[in-house]
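Values in this text are rule-based calculations from the coordinates and carry no lab data. Worth saying up front: this structure is predicted, and the values here are computed from it rather than measured. Every residue, glycine as well, gets a Cβ built from its backbone with ideal geometry; the counts of neighbours run over all protein chains shown.
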Amino acid sequence: MVNYWLIVHDLSSYEQHPDKIGLNTKRANSDRIFRTIKKGDRIVYYAKNKEAIGIFKVASEGHISERGCWGKKAGYHFIYDIEPIYVTPSGMPAIIEATRYGIKSLQGRTAVKLTKDQFKDIKSDVMGMDDPRCENGVVSVFAKLHRFLGFPYLRTVQSRFPDCIAVDLKGKEVRIEFEEPSDNFDHDPKKCDLIVCWKDTLGSLSEVQILELSEVIYGH
């Protein structure tokens, strides 16, 4: 089961290590809540000046860092590796007031466990859009996430099949069809490499690989 978290760090911690969250071992030993985070959980990375950096996936179980992870005098840290799902554009962080989402206080807290509804509301404000309800919404979400999903360049987005030609990290062109849900796909599977949807209703019946965006953001 995936859990959802608001992680309170400062901006300098993110700038030093955008791929990690952590506490020094002394604080981690006394912070039982922080130690319950697990691999696969989703987090909102929240800077102390009310700036939300983005949405991330926890990519490892908790472990002890090398000495001086956050500065030579900082000693050892209990850390988790994280991977970006969506990061706000440089210089344009989302301003998030925690009390708006039912979080009474962040004083002295590093990890605040969120309900899925709280995470969903914060995620929507960070990304600037709600969950999609149609194919056009899927296109909009993919346009925000494509670099984080391993497609640094979209060569074309068009109204005819396939909907999109993207380039992956190896420089290979990938033919993408957007659908919502996935079982709306009614094209020649040999001419498509990837179905991108919000909800996958085909599963193992599909002849084409499927990327379910709701799973990317929320997990299962």
Q. Can you name the residue in the range 117-163 that is within 10 Å of PHE178 (Cβ to Cβ) and of a type in the set (D, E, K, R) and, of all such residues, is surrounded by the fewest Cβ atoms within 10 Å (Cβ to Cβ)?
A. GLU135
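Per-residue answers, yes or no, for (1) surrounded by fewer than 19 Cβ atoms within 10 Å (Cβ to Cβ); (2) without any contact (Cβ under 8 Å) to a residue 40 or more places away in the chain; (3) aromatic (Phe, Trp, Tyr); (4) under 23 Å from LEU106 (Cα atoms):
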position: LYS50; (1), (2), (3), (4): yes, no, no, yes
position: HIS63; (1), (2), (3), (4): yes, yes, no, no
position: TRP70; (1), (2), (3), (4): no, no, yes, yes
position: TYR76; (1), (2), (3), (4): yes, no, yes, no
Q: Look at the range 1-45 and say how many of its residues are without any contact (Cβ under 8 Å) to a residue 60 or more places away in the chain and assigned to a strand (DSSP E or B).
A: 4
